[in-house]
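S.K.: Please see the structure below; I have some questions.
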Amino acid sequence: MGRRGTVGALSRRTRGVGAAGSVKDYPAPSYLSPLAKKYWALTVEAFPAGHFVSCDRVLLEQFCEAAAEHKKALDVIKKEGRFYTDAKGVKRIHPAVTDARDARRAVCMLGTKLRITKHSQMSQQVARTQAQDGDIASRASDTFADLLFNDSSSSEVWQ
């Protein structure tokens, strides 16, 4: 019998079947928003050739759009604040807060499915070893976590 499960999938990815490599090899769809296209380019170029395969395209599109929506919602929150007062004088949570939270959840979920988060890239044994040593290797996903969820670096790099 042949390889099954993730072992087979990983071996195909390492051989470069349907590999991305660069944005020219794995272009963003034309219907993505400009900010989502920027996220697409940065994401594809941050990972080695063979990481993204053709079946990852839909998830990557959703990841980039969710990341763009998160950034837009954060910009609205910075401009208008987390709360607003309605016509009756009741203080309410701004709808952008909910949008940012929903987009953040989507980014986290899709990032795991795309294997671009640190935890989705390592085995349990590696995670245990790194937790015991306290030495966590820097990866491209560290950069994405900082850029997406840390407002100070997010505005500098993505614009």
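S.K.: Can you give me the number of residues within the stretch 47-62 that are on the phi < 0 side of the Ramachandran plot and not in a helix (DSSP H, G or I)?
M.R.: Within the stretch 47-62, the subset on the phi < 0 side of the Ramachandran plot is 47-49, 51-62.
Of the ones still in play, those that are also not in a helix (DSSP H, G or I) are 47-49, 51-53.
Going through the stretch 47-62 one residue at a time, the tally reaches 6.
S.K.: Looking at LEU60, LEU74, which is the one that is within 14 Å of LEU110 (Cβ to Cβ) and buried (at least 21 other Cβ atoms within 10 Å of the Cβ)? Give the steps one after another, and end with the answer.
M.R.: On the way: LEU74 fails: within 14 Å of LEU110 (Cβ to Cβ).
Only one candidate qualifies: LEU60.
S.K.: Further, regarding this structure: Consider only pairs whose beta carbons are under 7 Å apart and that are at least six residues apart or on different chains; among these, list those whose first residue lies in the stretch 93-117 and is crowded, with 16+ Cβ neighbours inside 10 Å and whose second residue is of a type in the set (Lys, Arg).
M.R.: Going by the 7 Å Cβ cut-off, the qualifying pairs are HIS94/ARG82; VAL97/ARG82.
S.K.: Is it the case that the stretch 39-55 has a residue that's modelled with pLDDT of 85 or more, in contact with a strand residue (DSSP E or B) (Cβ under 6 Å, 6 or more places away or on another chain), surrounded by 16 or more Cβ atoms within 10 Å (Cβ to Cβ) and not charged (D, E, K, R)?
M.R.: no
S.K.: Also, quick follow-up: Search the stretch 63-120 for residues being under 18 Å from TYR39 (Cβ atoms) and part of a loop (DSSP other than H, G, I, E, B), and hand back the single one that is modelled with the lowest pLDDT.
M.R.: Result: THR117.
The values are calculated or read from the model by the stated rules, or taken from the named source; none is laboratory data. Model, not experiment: these values are computed from the prediction. Ideal geometry is used to build each Cβ from the backbone, glycine not excepted, and the neighbour counts take in all protein chains shown.
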